[in-house]
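Here the structure is laid out as structure tokens; the discussion comes afterwards.
Please treat every number below as a calculation from the coordinates, not as lab data. Bear in mind the structure is a predicted one, so any value in this text is a computation, not a measurement. All Cβ positions, even for glycine, are placed from backbone atoms using ideal geometry, and neighbour counts span all protein chains on display.
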Ligand SMILES: [Zn+2]
């Protein structure tokens with residue numbers, strides 16, 4: 001049984017072959033869906049016959065957001081750290097250890113319930129595909145169970161045992177890298193699709209990060225990397241060197257970093273929720289886009305540096321403070337996120353793609369930035 005979603009005021013397809021501009025926009029549009037798959041996209045006037053019809057009442061319809069960077073498996077709360085930071089204290093990678101202690105002490109059910117609630121919260125804000133990382137277990141048992149729970153919620157699971165060095169390895173970071181590449185990888189690889197490392201000040205250097213990524217790749221995991229968040233560094237170059245799907249954060253980039261990204265298939269995933277919540281300068285999206293790099297936007301949802309699950313919030317920041325156009329920001333949060341996960345079945349509304357459609361209760365997606373903080377995501381079916 002198929003359904004025609006009809007009377008769409010403005011449709012964002014992200015398919016320039018059927019619509020106008022980067023976002024492939026069609027006015028007065030309709031989409032035919034059959035179960036979870038798109039069967040037809042075009043102008044309402046040309047609509048095929050359908051078993052049922054839903055009237056979108058001239059609203060804007062976009063592809064569901066693809067949130068390609070989140071850390072949802074955790075327990076505890078870092079309100080005090082946030083409050084201190086807003087009074088002037090700087091953010092450092094070490095705060096992660098607070099969450100590690102709480103996560104290790106939590107039951108499976110507690111971790112599962114929190115993650116499910118966050119995924120549901122993301123869904124209400126229009127996200128239909130989510131990547132979830134481990135990284136708050138930092139021992140064999142807790143990294144593996146984090147990924148097992150994440151796998152219940154998404155196929156896009158990322159092993160980041162190399163998030164920070166846990167306290168028990170403070171005097172032996174290379175010993176910890178050996179664990180991450182050995183016994184911990186053995187326990188985690190069956191539940192993970194991706195391997196990731198926090199390559200930055202206070203976390204792991206380029207040699208350690210390369211060792212971890214290569215160990216994961218030998219086990220069939222695909223690489224992605226936390227790079228250049230806290231200061232300029234080697235992360236982006238390493239990401240490009242190993243053909244990582246994404247270099248995430250990209251807050252401090254040199255001209256050479258931007259050239260390397262522009263000449264590669266590695267997406268620059270920008271996470272403005274992190275700069276917002278740590279009161280840091282935003283990444284230079286304009287420079288990346290103008291150089292020809294592919295840019296994605298994601299939430300980085302985590303309890304320390306970016307406790308938002310809302311892609312529309314990130315879009316509002318990207319437009320207001322990072323000089324992305326509304327169309328570029330929506331593209332980055334949909335098609336860009338899909339590229340950062342090397343997916344072509346999401347982030348785009350074309351025949352054969354997943355029927356992940358999201359209605360914006362407004363005539364245009366521009367309202368996502370124009371009306372910040374307002375819940376504009378509606379339901380279709
Ligand atoms: Zn992250």
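Structure remark: mean-square fluctuation, Gaussian network model of the chain, C-alpha springs under 10 Å; the largest value among 190, 283, 166 belongs to 190.
Report, to the nearest 10°, how far helix 96-105 tilts away from the longest principal axis of the Cα atoms in the chain, using its own Cα long axis and a range of 0 to 90°. With both axes taken from Cα atoms, the answer is about 90 degrees. Quick check for you: which residues of segment 236-259 have the amide N under 12 Å from the point 7 Å beyond the Cα of residue 342 toward its beta carbon? Residues passing the 12 Å test: 242-246. Each listed q (0.07, 0.08, 0.11, 0.15 Å⁻¹) maps to a log10 I(q)/I(0) for the chain from the Debye sum over equal C-alpha point scatterers, namely -0.30, -0.39, -0.73, -1.29.
Between residue 101 and residue 320, the FRET efficiency from the beta-carbon distance, with R0 = 35 Å, is close to 0.45.
Using a Förster radius of 30 Å, what is the FRET efficiency between residue 83 and residue 171 based on their Cβ-Cβ separation? Nearest 0.05, please. Taking R0 as 30 Å, the efficiency between residue 83 and residue 171 is 0.45.
Under the simplified labelling scheme, the residue 53-residue 113 pair shows an inter-label distance of 4.7 nm, with each label point 7 Å from Cα along Cα→Cβ. Note on residue 256 and residue 241: the extension gain reaches 4.1 nm, defined as 0.36 nm multiplied by sequence separation minus the Cα-Cα distance. Rounded to the nearest angstrom and listed largest first, the equivalent-ellipsoid semi-axes of segment 92-144 from its Cα gyration tensor are 23, 14, 10. Structure remark: mean-square fluctuation, Gaussian network model of the chain, C-alpha springs under 10 Å; the largest value among 354, 14, 172 belongs to 172. The gain in end-to-end length when the residue 123 to residue 36 segment is fully stretched comes to 29.7 nm, 0.36 nm per residue minus the alpha carbon separation. Considering only 355, 227, 333, the Gaussian network model of the chain with Cα springs below 10 Å gives its largest mean-square fluctuation to 355. Once both labels are positioned 7 Å from their Cα atoms along Cα-to-Cβ, the gap between residue 90 and residue 371 label points is 4.1 nm. If the chain linking residue 290 and residue 351 were pulled fully straight, counting 0.36 nm for each residue of separation and taking away their Cα-Cα distance, it would gain 19.0 nm. Each of residue 379 and residue 219 was given a label point 7 Å from its Cα along the Cα-to-Cβ line. The distance between the two points is 4.0 nm. To the nearest ten degrees, helix 311-321 and the longest principal axis of the Cα atoms of the chain are 90 degrees apart. Segment 320-362 and segment 133-198 have Cα centres lying 29 Å from one another. Hull volume per residue, based on the alpha-carbon atoms of segment 264-360 and their convex hull, is 108 Å³.
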